[in-house]
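To start, the structure itself, in structure tokens.
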Amino acid sequence: MSMYKDYTIDFSSRCKKIIDLYYKNSKEKELDVSFLLMIASSSFVIPFEKIRNDSNHIYDCNKGKKLKDSYFNKLALEKIELKQLDTLETKPDSVSNSKRNIEDMETSLFLSIIRNAISHGNIQVIEQLSTKKIGKIAFISEKFNSDKCSRCNQRIRTNDKKIYNCLVFKADEFKRFLDLWLNFLKDENEMEKK
């Protein structure tokens, strides 16, 4: 295997090749959701953390941008459900969608919900009743209201009751998100080099 020149970009492009090579096969064997979660735990979380920790332009270019105005507006946003849950045990399909329009969500929050859910194992699958198979994947992340401490500048919790943001994807739309994420990393890297 050849050496990475730029770890984040090279690793991501190799993950994209793995998706392109094996996703269809995983779907035929009814392993597509497991395959996507396995790939996301590395192809999304590792670059996300590296980018966030490097204060890189790739992450900064999405700060403050609404989802509808970002690179990720190519997703079928109307197919992604946004919910608020009272507990981690709450079944996402038992809660109605949030009144908040997902298109107006900040891109950095959207990405952070997915990152936090994968990193902390806060993922639920929702059964498609007609087929008894996995119909949707729910990514759950604590909604963290905070202020900065005046003495130490650290974030401190300001909400007593925990509330959880939840994004619900159909498997094919989550695959599309991963493809967009990996293309985003590649495209932004190429723009930085110009």
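The values are calculated or read from the model by the stated rules, or taken from the named source; none is laboratory data. None of the values given here were measured: they were computed from a predicted structure. Positions of Cβ are generated from backbone atoms using ideal geometry, with glycine treated the same way; all protein chains shown enter the neighbour counts.
Things to note:
- Of all the criteria given as (1) free of Cβ contacts under 8 Å to residues at least 60 places away in the same chain; (2) over 22 Å from V33 (Cα atoms); (3) crowded, with 17+ Cβ neighbours inside 10 Å, the one not satisfied by Q124 is (2).
- Wholly within the range 1-91, helices (runs of 4 or more DSSP H) carrying at least 1 residues that are of a type outside the set (S, T, N, Q) and at pLDDT 90 or above: 7-28, 32-43, 45-54
- Condition met for S141 (more than 19 Å from Q84 (Cα to Cα), at pLDDT 80 or above, outside any helix (DSSP H, G or I) and among the hydroxyl-bearing types (S, T, Y)): no
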